[in-house]
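The values are calculated or read from the model by the stated rules, or taken from the named source; none is laboratory data. Nothing here was measured: the structure is a model prediction, and the numbers come from that model. Ideal geometry is used to build each Cβ from the backbone, glycine not excepted, and the neighbour counts take in all protein chains shown. The area values use the complete protein model at the heavy-atom level, side chains included, leaving out ligands, DNA and RNA. Shrake-Rupley method; radii C 1.70, N 1.55, O 1.52, S 1.80 Å.
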Amino acid sequence: MDPKLEALFKPRSIAVVGASRKPGKIGFEILRNIIEYGFKGKVYPVNPKAKEILGLKAYPSLSAVPEDIDMVVVSVPAQYVLDVIDEAGKKNAKVAVVITSGFKEIGRADLEEELVRRARKWGIRVLGPNIFGMIYTPARLNASFGPTDVISGSVAFITQSGALGIALMGMTIVERIGVSAIISIGNKADIDDADLLEYLADDPNTKVILIYLEGVTDGKKFLKVAQKVTLKKPIIVVKAGRTEAGAKAVASHTGSLAGNVVIYSTLFRQTGILQARNVEEAFDWARAFSYLPEYKGGKLVLVTNGGGAGVLSTDTLSENGVKLEPPPKSLVDALKPKLPGFASLGNPIDVTGMISNEGFVDAIMEALNNPEVGAVMGIYCQTAVTDPMVIASMLVRKVKAMGGLPKPLVLTLIGGEECYWAVTKLNSAKIPTYPMPERAASTIAAVINYTRMREEVKRRLSELNEVSD
Ligand code: ACO
């Protein structure tokens, strides 16, 4: 890994070139985010027309800044960017975060190549151009023009789309998904997904990496790095440009080649990368990986108070390659005396619509504590004889008393407003919960599939090693 990337995540000092005096302009908002999110290093606004911006002394040029600078955020029009890179080089900058658009994505590949050439000459790594910036919550660094109050957590999100990335930043706040990093990579002129994966693989603050991908510039490098990273932590990819029309849209968005969808999917699988069908699914999975302990094998057991929701979940699991086996006999024996005679004790275990709050929670806890069970999915349909908030409170209390979840558990609470609040409560307690059964089922399938794919990758790598020995 290039040690210069350390300056992207943990710079000691930042200069914002093009820090505007006017609220609402990109250069102003980036500077404001850096200050308001609580960055502790030195911050230098650079603007030839300003003396002071947001209470900080402004400098007419980078050369006027009295010290060396680790990170230079560039927010000036494209025609000035090359000169800024030269000045940054003289200040021993390690990384340039180039917000500016107007490069390869509009046919100016020549300007982009020159940007990289100049940066390389000075030993500067470039993030971008054509990006909204980057965030690394452990360093209280928000060098972006997205929302300010990003919630810290362990999901790292790399996005090739700027506007979508900003929008999803907002969504992580509403959905209470904590992030370690959000990185806009735009045209990927220099720093690419593979470079970031290498860094994040060893980042103790990141448990799962989510990538919105339009295309890769160096496929071999990406797969080689990803294969190593998936042995350490899950990578979830949403691949855009799946259709011919989508591929054309990709070309005019970031100038990337979308490539063949089948080839991408096959390579992702072989590498141990989880491919989500859409953004919602990707974030559902990321939330679960960031909350849950690892799946270490054993049966998946479904506990439901609604037969139909159990069937829908079974369908989704099957579509995602997860087959349900009969529940362990010891679990059936433990539950049978507590359930009505017409309860179905297959898998899903249907505890029936007449189950009480306590009965539903008890069945989930029995399943969680059974040594032959490796993962549990709880499926709750709101009934008049139960209260979702009571169920949520009981589960949160019991899981806390256990010292946290011993194995993966996902829940779905299907129903009205009370369910909405119960889902929020459970997610705040780091028990991944979804309002629809298919979302919960696809999530637990991803948790199981990650472990399976990783074992497969390990097996293939050790075979390759044996052959080459
Ligand atoms: N050094 C320092 N400061 C300078 C320089 C320079 N060489 N030249 C100009 N400035 C100052 C300006 O005076 C101005 O400050 P002021 O507002 O106080 O007068 C400030 O820097 C910005 O310069 P402007 O010429 O006003 O440029 P503007 O802010 O309009 O645009 C920008 C710059 C934002 C980089 C624009 O060129 C651009 O690329 N916009 C698109 C960014 C983008 O969308 N990124 C893509 C991903 S995100 C997404 O898709 C949503």
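Descriptive notes on the structure:
- Taking amide H atoms as placed 1.01 Å from N in the peptide plane, the amide H of LEU302 lies under 5 Å from those of ILE349, MET377, each 5 or more residues away in sequence or on another chain.
- Computed from Cα positions, the angle between helix 388-401 and the longest principal axis of the chain comes to roughly 80 degrees.
- Under 5 Å from the amide H of ILE69 lie the amide H atoms of ALA93, each residue being 5 or more positions distant or on a separate chain, with H modelled from the backbone and absent for Pro and chain starts.
- A dipole drawn for the stretch 295-451 from +1 and -1 charges on Cβ atoms has a positive end, and of SER428, GLY415, LEU339 the residue lying farthest that way is SER428.
- Ranked by the mean number of other Cβ atoms within 10 Å of their residues, highest first, the peptides 276-282, 303-309 fall in the order 303-309, 276-282.
- In order along the stretch 451-466, the Karplus-derived 3J(HN,Hα) couplings, from 6.51 cos²θ - 1.76 cosθ + 1.60 at θ = phi - 60°, round to 4, 5, 5, 5, 5, 5, 4, 4, 4, 5, 5, 6, 5, 4, 4, 4 Hz, and Gly and Pro are given as x.
- Cα-based helix-to-principal-axis angle, 357-369 vs the chain, degrees rounded to 10: 70
- Overall, the chain carries a charge dipole of about 980 debye about its Cα centre when +1 sits on the Cβ of Lys and Arg and -1 on the Cβ of Asp and Glu, all other atoms neutral.
- Coupling constants for the stretch 214-230 follow from the phi torsions by the Karplus curve (6.51 cos²θ - 1.76 cosθ + 1.60, θ = phi - 60°), and in residue order they are 9, x, 10, 7, 10, x, 4, 4, 4, 5, 4, 5, 4, 4, 6, 5, 5 Hz; glycine and proline get x.
- Coupling constants for the stretch 274-279 follow from the phi torsions by the Karplus curve (6.51 cos²θ - 1.76 cosθ + 1.60, θ = phi - 60°), and in residue order they are 8, 9, 8, 6, 7, 5 Hz; glycine and proline get x.
- Cross-link check: pairs LYS25/LYS220; LYS232/LYS323; LYS91/LYS232; LYS220/LYS458; LYS10/LYS121 evaluated at a Cα-Cα cut-off of 30 Å; pairs beyond the cut-off: LYS25/LYS220; LYS91/LYS232.
- A simple count of charges around PRO406, restricted to other residues whose Cβ falls under 14 Å of its Cβ and scoring Lys, Arg +1 and Asp, Glu -1, yields +2.
- Taking amide H as placed 1.01 Å from N in the peptide plane, GLY215 has no amide H partner under 5 Å among residues 5 or more places away or on another chain.
- Taking the centroid of alpha carbons for each part, the stretch 397-469 and the stretch 283-318 are 7 Å apart.
- Sum of -39500 (n - 2.57) over DSSP H runs of 4+, divided by residues of the chain (222 nm, nearest 500): -13500 deg cm²/dmol
- Residue-level accessible surface for ASP83, protein heavy atoms, 1.4 Å, Å²: 90
- With 0.36 nm allotted per residue and the present C-alpha distance subtracted, the SER330-GLU358 stretch has 8.1 nm of extension available.
- Net charge of Cβ neighbours under 15 Å - reference GLU67; Lys, Arg +1; Asp, Glu -1: +3
- The chain: angle of helix 417-428 to the longest principal axis, Cα-based, in degrees nearest 10: 60
- Neighbourhood charge, 11 Å Cβ-Cβ cut-off, centred on PRO234 and excluding it, Lys, Arg +1 and Asp, Glu -1: +3
- Filtered chymotrypsin sites (Phe, Trp or Tyr not before Pro), the stretch 287-350: DSSP coil and at most 11 other beta carbons within 10 Å: PHE342
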